[in-house]
Amino acid sequence: MSGKRIIHSPEEIIRIRRAAAVTAGVRDEIARLAHPGMTTFDLDRLAGQLINATGGKSAFFNYHGYPGNICISVNDVVIHGIGRPDQIITESDIVSIDVGVSIDGAMGDTARTFWFNEPDKDTKRLLDGTYNALMEGIAAARCGAFVKDISAAVEKCARRHKLGIVRDYVGHGCGIQLHEAPEIPNYTGWGKGPRLEPGMVLCIEPMLNLGTDSVKLDRTDHWTVRTADGKLSAHFEHMILITDNEPEILTWQKTM
Ligand code: MF3
Ligand code: CO
Ligand code: CO
C-alpha cells in the first residue's frame with residue numbers, strides 16, 4: 001500500500017462538505033421511505049428521484065458500468081447489490097444502502113444498514129458491531145495518526161464482536177473523485193499507509209459478516225458481492241474530514 005494521499009484545498013472542502021451533506025440527506029430519506037412490500041428496483045428508482053431533486057447526479061450510475069442509482073444489498077449481500085424488480089423487501093430483511101451524489105464537481109459517499117423487525121441476538125451483534133467499528137475507526141482518525149490506526153480500531157471492534165472482516169473491499173479517500181488515495185482497509189498487517197493531515201477526506205466503511213470473511217462475486221451480474229457462507233453482512237460508511245482536532249463527520253447531518 002503506497003503513501004499516496006490527497007489534501008483538498010479550502011475551496012474544494014466547501015464543495016465536498018455540501019456534497020456529503022446532500023448525500024447524507026438522500027441516504028436517510030431513502031431509509032425513511034423504504035418499507036416491506038416494495039421491490040429493490042422501486043427503492044432504486046425512488047433514490048434516483050431523491051438524488052435528482054438535489055440538483056446532483058448519482059455518483060454510481062455508470063461508474064465502471066454500474067447499472068443502478070444506488071447500491072442495495074439485502075441480507076447476505078455485502079455490497080454492490082443492484083435493485084431488481086423481482087426482489088421484494090420483507091420485514092425480516094436487513095437492507096444496506098450505499099449512496100453517492102455528485103454535485104458541483106464534488107462527491108459524497110455514505111452507507112447504512114437498516115431493518116424493520118426487532119433483530120435477533122446475533123443480528124444485533126452484527127449491526128451494533130459494524131456501526132461501532134465505524135465510529136471507533138472515526139475516533140482514531142486524528143491528524144498525526146496513520147491510516148493503519150483507523151484500520152486497527154475497526155479491526156479491534158470487529159474482533160470484539162466476533163465478526164468476519166471483509167478483506168476484498170476497502171475504504172478510500174474521496175471528495176473530487178469517488179475513489180481517491182489512500183485505501184483504508186478494515187484490517188491491519190499491510191503497513192501503515194500515509195500520515196493523516198488536515199484536508200484529507202476519507203470514507204471509512206467497515207463491511208462485516210456474521211460468519212466467514214470470505215465473499216463471492218455474482219457470476220451473472222459481476223457486481224453483487226455475497227458472503228461465501230450465505231450468512232448476514234452489514235455495512236456502514238461515513239465520509240470524514242481530517243482537521244487539527246477531531247475529525248469532522250461530513251455525512252452526519254442531512255440538509256435536504
Ligand atoms: N459506494 C461504494 C464505495 O463505498 C462504491 C460503489 S461503486 C458502484 O466505495 F459502482 F458500485 F456503485
Ligand atoms: Co459507498
Ligand atoms: Co466508499
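The values are calculated or read from the model by the stated rules, or taken from the named source; none is laboratory data. Predicted, not measured: the structure shown is a model, and the values here were computed from it. Positions of Cβ are generated from backbone atoms using ideal geometry, with glycine treated the same way; all protein chains shown enter the neighbour counts.
Does A106 satisfy being modelled with pLDDT of 95 or more and crowded, with 24+ Cβ neighbours inside 10 Å? Yes; evaluated as a whole, the condition is true for this residue. Residue check: is R160 surrounded by fewer than 16 Cβ atoms within 10 Å (Cβ to Cβ) and closer than 20 Å to L232 by Cα? Yes. Could you please let me know if F114 is at pLDDT 95 or above, under 15 Å from the mean Cα position of the chain (by Cα) and of a type in the set (F, W, Y)? Here the answer is yes, as F114 does meet what is asked. Hey, does segment 213-233 have a residue that's under 21 Å from R160 (Cα atoms), within 11 Å of ligand 1 (Cβ to nearest atom) and not in a loop (DSSP other than H, G, I, E, B)? No; the residues of segment 213-233 include none that is under 21 Å from R160 (Cα atoms), within 11 Å of ligand 1 (Cβ to nearest atom) and not in a loop (DSSP other than H, G, I, E, B). Run down D109, D104, D122 and say which single residue is under 20 Å from Q253 (Cα atoms), touching a residue at least 12 places away in the same chain (Cβ under 8 Å) and away from ligand 1 (no atom under 15 Å from the Cβ). None of the others qualify; the one that does is D104. Residues in segment 90-103 that are within 20 Å of G37 (Cβ to Cβ), of a type in the set (A, V, I, L, M, F, W, C) and either surrounded by fewer than 19 Cβ atoms within 10 Å (Cβ to Cβ) or within 16 Å of ligand 2 (Cβ to nearest atom) (or both): V95, I97. Candidates are the residues of segment 200-212 that are more than 12 Å from A141 (Cα to Cα), assigned to a loop (DSSP other than H, G, I, E, B) and not acidic (D, E); the one that is nearest to ligand 3 (Cβ to nearest atom) is P206.
Within segment 117-140, is there a residue that is aromatic (F, W, Y) and surrounded by fewer than 17 Cβ atoms within 10 Å (Cβ to Cβ)? No. Entry remark, segment 135-193: residues being part of a loop (DSSP other than H, G, I, E, B), within 30 Å of T123 (Cα to Cα), of a type in the set (G, A, S) and in contact with a helix residue (DSSP H, G or I) (Cβ under 8 Å, 6 or more places away or on another chain) number 2 in total.
Those residues that are away from ligand 1 (no atom under 16 Å from the Cβ), in contact with a helix residue (DSSP H, G or I) (Cβ under 8 Å, 6 or more places away or on another chain) and farther than 18 Å from A106 by Cβ, I need them from segment 196-211; list them, please. Scanning segment 196-211 gives L196, N209, L210.
Scan segment 180-198 residue by residue and report those that are within 20 Å of the chain's Cα centre (by Cα) and either under 13 Å from I16 (Cα atoms) or of a type in the set (D, E, K, R) (or both). Within segment 180-198, E180, E183 meet the criteria. Listed conditions (1) out of contact with any helix residue (DSSP H, G or I) (no Cβ under 8 Å at 6 or more places or on another chain); (2) surrounded by fewer than 19 Cβ atoms within 10 Å (Cβ to Cβ); (3) of a type in the set (A, V, I, L, M) are all met by I79, apart from (2). Residues of segment 216-246 that are under 13 Å from G81 (Cα atoms) and either of a type in the set (A, V, I, L, M) or at pLDDT below 95 (or both): L217, V225, A234. Among the aliphatic types (A, V, I, L, M), modelled with pLDDT of 95 or more and more than 19 Å from the chain's Cα centre (by Cα): does that describe A140? No: the conditions fail for A140.
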